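Engineer: Mind having a look at this structure? Questions to follow.
Read the figures in this text as sums done on the coordinates, not as results from a lab. Given the structure is predicted, the values throughout are model-derived calculations rather than measurements. Quick reminder, even Gly has a Cβ in these numbers, built from the backbone with ideal geometry, and neighbours come from all protein chains shown.
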Amino acid sequence: MANAPITEDRPDVAHYPGGADLYRLRHSAAHVLATAVIELFPEVKVAGGPPVENGFYYDFAREEPFTPEDLERIEARMREIIAANQPFEYSETTRDEAQRRFEAAGEKYKLHFLSQIPDDPKVVVTSVNRGVPFVLSFKGALITKAIQTLAQRVEALAANEELELAVSHAREVVRLEPYRESGYRRLMRMLERKGERGEAARVYLECVRLLKDELGVPPSEETQAVYREVAG
């Protein structure tokens, strides 16, 4: 199966751990996962699922949680889709047509994402083997929405003491928006909670380097204060 197509609207993946090829592979796997779930469980509604530092995920809305048996079926169907070498379909369409397609599929979350994209006569839709369209390209406010969603997940995961995933999601926020200091502060706090003060310090130094090299400014006092807290 060919990887998901590259478009000029995708996030910058130059600094993705493992490189752009691994990002594309995981992005493609997320497409396949969503397709398998849609085929096996037609009542499920899909939201979003970008690659993260150590893999990929997808958010689904379903009345009943997936069972271990469901997961086995999903994995088996994913293998079948990959073996069939089904193509990814990339197309540009009008906003109105995209809205009609998502409304017809009952995909309320995709409709919400569509509403977050800045006014533009064209949007990008991707599907597998001409199936239900489920991925919009990351543009403008959609990137912001993705970051907001990831940031919320970080806090929710941390509240449940799922610190490994919280750190992974916090890293993804930094990767998507490397010049916003709030992402580094969040990541440093998650690492400190995980007991990785040395790694938190490394993250701060990376923030210092990036701001100095690219913008010629030091970190804000707020960021420096978080560093002093986590450094102990």
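Engineer: Looking at the stretch 161-232, which chymotrypsin sites (Phe, Trp or Tyr not before Pro) are DSSP coil and have at most 14 other C-beta atoms within 10 Å of their C-beta?
Structural biologist: Details: sites: Tyr179, Tyr184, Tyr204, Tyr227; in loops: Tyr179.
Loop-located and lightly packed - Tyr179.
Engineer: Give, in nm to one decimal, the length gained when the segment between Asp70 and Glu221 is fully stretched (0.36 nm per residue of separation minus the Cα-Cα distance). Intermediate values should be presented prior to the final figure.
Structural biologist: Values: separation 151, 0.36 × 151 = 54.36 nm, distance 4.89 nm.
In short, 49.5 nm is gained.
Engineer: Quick one: check the C-alpha center-to-center distance for the stretch 24-51 versus the stretch 145-174, whole angstrom.
Structural biologist: Cα centroid of the stretch 24-51 versus Cα centroid of the stretch 145-174: 20 Å apart.
Engineer: Within a 10 angstrom radius of the beta carbon, how do Met188, Met78 rank from fewest other beta carbons to most? It would help to have the intermediate numbers written out before the result.
Structural biologist: Values: Met188 26, Met78 17.
Fewest to most other Cβ atoms nearby, the residues stand as Met78, Met188.
Engineer: What FRET efficiency, computed as 1/(1 + (r/R0)^6) with R0 = 35 Å and r the Cβ-Cβ distance, is obtained for Arg202 and Asp96, rounded to the nearest 0.05? Before the final figure, lay out each step's value.
Structural biologist: Numbers: r = 48 Å, r/R0 = 1.37.
Taking R0 as 35 Å, the efficiency between Arg202 and Asp96 is 0.15.
Engineer: Taking neighbour counts of Cβ atoms within 10 Å as a proxy for exposure, in what order, fewest first, do Asp70, Asp21 appear?
Structural biologist: Details: Asp70 15, Asp21 11.
Ranking Asp70, Asp21 by Cβ neighbours within 10 Å, fewest first, gives Asp21, Asp70.
Engineer: Separate question: Starting with the fewest neighbours, write out Ser115, Ser28 ranked by other beta-carbon atoms found within 10 Å of each beta-carbon. Write down the numbers at each step before the final one.
Structural biologist: Working: Ser115 12, Ser28 20.
Going from least to most buried by this count: Ser115, Ser28.
Engineer: Now for a different question. In whole Hz, with x marking every Gly and Pro, tabulate ³J(HN,Hα) for the stretch 155-172 from phi via Karplus 6.51 cos²θ - 1.76 cosθ + 1.60, θ = phi - 60°.
Structural biologist: Karplus values, whole Hz, x for Gly and Pro: 5, 5, 5, 5, 4, 9, 6, 8, 6, 4, 5, 4, 5, 4, 5, 5, 5, 5.
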